[in-house]
Amino acid sequence: MSRLIAVSNRVADSSNGKTAGGLAVGLLAALRKQGGVWFGWGGRTCHGEPTDPTVIRRGKVSYATIDIDEVEFENYYNGYSNGCLWPLCHYMLNFFHYERCFGRAYVRVNALFARKLRPLLQVDDVIWAHDYHLIPLAGELRKAEVENPIGFFLHVPFPNIDVLRTLPGHRLILEMLTRYDVIGFQTTSDVRSFIEGLSRVGFLESRLGHDRFRACGREFTAAAFPIGIDVPGVIQMSERAVGSATVKRMRDGLVSRDLITGVDRLDYSKGLPERFRAFEELLASYPDTRGRLVFMQIAPPTRGGVRAYQDIRAELERLSGNINGRFAEPDWVPIRYLNRGFSRSILMGIFRAARIGLVTPLRDGMNLVAKEFVAAQDPDDPGALILSSLAGAAEELDAAVIVNPYDIEGVAEAIQRAANMRLAERQERHRSMMGQLRLNDIGAWTDRFLGALEAVRQQECRGGSITDA
Ligand code: ADP
């Protein structure tokens, strides 16, 4: 088996158990299984050219991290990655803010990654780059004569060309993606957007097979690889955590009221103001729910350097204050809004204790919380999942109660329905979703992606071309 070199913007610290973000959770499981190197930014900025990577080995995984110049980082990360690409990929153009210096820093930081990674590479390695921060990486590695198979997985949605072309230089983004050997997306609809984009700008030369394409003079695989979760791991964590002191105290505090839970990074794509308003609508339109349900939203702040993230925080504080002020009783507070992270095990315990999981992003690549919520349930008395039709997870979890997150009254209705759902229906939906989660767990996801990358290596060794992955 080839050595795996995983590359992502941020290398997560695996030692504190508080890793937030789908990418970190998925990638760590993959690396621990197969062993290899995780390369990326270590979380520190510097001035000027950074030194060589710091390498720390833990078990089967080596963590190789670099610093990035402070100004470069601001423009590459807050400016281009999170101020341009993130809103674009989530179809939220009102948050899109472009400056030319962002794009230039983005390419330079990718060149820096390639320069610092190059000396660590061995001839048999396969390289797997992750997410929208690193679209130009393969091109930069190819310039440095790296011929190893290089794959790319996009954790966020890939926008339709009519949205993508908002971005000055969008043709370069499409071209850079074709420098990879395997390009993975979360859903079939993302693959369609990518291929249609290539075709519309005149880059697509031919379709070689179901998943194989030729564009910009290169052949590659482009396919959907929906990311999964560690199902037995989540089950075990949730069973243990439900008996922990923290979760017990929380349950005692509910005084036998039903818990609705939402767990998200504090991000405008997660639809949190709409979710709060839907809960308000529920209390207003279905008075019997007052005093019966408690909505707990956990939302640790992220990307504090981007203005839109400060704004949404203020908006949610105002909304939760207003709703609690309007409906609270001396012995009942409707919304508990927690602006902080929790250990994964406590989170899984909270999921298990909840009657309803509210996962209503306005757009999401996958949404791992939806999958974790389902896996964390007690199969004998499972909670119901309310899931946005605009999350990638809805393609697989079609037995959830599917809602349009913009339809405030529709979400309120869905909560009312889920709160009254009979045991047999909850069990049936849960059984169906668990079947899907087990079929495509984190191991299957890694195996499928790395299998596609390995097929490229073997074909290159034979000097032929593959027609299908
Ligand atoms: P995103 O990648 O956009 O943050 P996902 O739902 O795909 O969204 O992934 C979020 C991951 O981070 C999940 O695995 C979830 O358990 C974890 N997570 C989210 N919020 C917290 C939190 N407050 N504390 C710890 N882990 C969290």
Helix-only [θ] at 222 nm, the chain, -39500 (n - 2.57) per DSSP H run of 4+, per residue, nearest 500, equals -12500 deg cm²/dmol
Helix 22-34: inclination vs the chain longest Cα principal axis, degrees, rounded to 10, gives 60
Sparse-neighbourhood loop hits (GluC sites (Glu not before Pro), segment 99-159; DSSP loop; Cβ within 10 Å at most 15 others) -> GLU99, GLU145, GLU147
All alpha-carbon distances of segment 82-146, grouped into 10 Å bins from 0, give the whole-percent distribution 19, 44, 25, 11, 1
FRET efficiency (CYS101, LEU439; Cβ distance; R0 41 Å; to 0.05) is 0.35
Ranked output for segments 102-113, 306-317, 219-230 by mean other Cβ atoms within 10 Å, highest leading, reads 219-230, 102-113, 306-317
So, relative contact order of segment 93-208 in percent, Cα under 8 Å, 6 or more apart, is 24
With the convex hull built on the alpha-carbon atoms of the chain, volume per residue in Å³ sits at 138
Contour minus Cα-Cα span, ILE402 to ASP380, at 0.36 nm per residue, comes to 5.7 nm
Whole-Å distance linking the alpha carbon centroid of segment 321-374 with that of segment 176-220 is 38
By the mean-Cβ-within-10 Å protection proxy, highest first, 276-282, 350-356 rank as 350-356, 276-282
Note on the chain, DSSP bridge orientation, antiparallel percent to nearest 5 equals 20
Taking segment 5-145, the whole-percent share of alpha-carbon pairs separated by over 21 angstrom is 43
Out of ALA299, GLY410, LEU423 - ranked by how far each Cα lies towards the positive end of the dipole of segment 231-439, with unit charges on the beta-carbon of charged residues - the top one is ALA299
Rounded to the nearest Å, the spacing of the alpha-carbon centers of segment 51-110 and segment 388-433 is 35
Output for segment 231-439 (equivalent-ellipsoid semi-axes, sqrt of 5λ from the C-alpha gyration tensor, Å, descending) is 23, 20, 18
Note on segment 63-102: contact order normalised by length, alpha-carbon pairs under 8 Å, 6 or more apart, percent, works out to 39
Nearest 10, in degrees from 0 to 90: the angle of helix 245-254 to the longest Cα principal axis of the chain is 50
Note on segment 221-281: alpha-carbon gyration tensor, axes a ≥ b ≥ c; rule is a/c under 1.5 for rounded, else prolate if a/b larger than b/c, else oblate; result oblate
So, over other residues within a Cβ distance under 13 Å of GLY48, counting Lys, Arg +1 and Asp, Glu -1, the net charge is -4
Mean Cβ-within-10 Å packing, highest first, puts peptides 334-347, 69-82 in the order 69-82, 334-347
In degrees rounded to 10, the 0-90 angle between helix 188-200 Cα long axis and the longest Cα principal axis of the chain is 40
Restricting to lysines and to Cα separations under 19 Å from LYS143, and discarding same-chain partners fewer than 8 apart, the set is LYS116
1/(1 + (r/R0)^6) with r = Cβ-Cβ of GLU145 and ARG32, R0 = 35 Å, i.e. FRET efficiency to nearest 0.05, evaluates to 0.70
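A short reminder: the numbers here are calculations on the coordinates, not readings from a lab. In this text the structure is predicted, and so the values were computed from the model without any measurement. With ideal geometry, Cβ positions are generated from the backbone for all residues, glycine too; neighbour counts draw on all protein chains shown.
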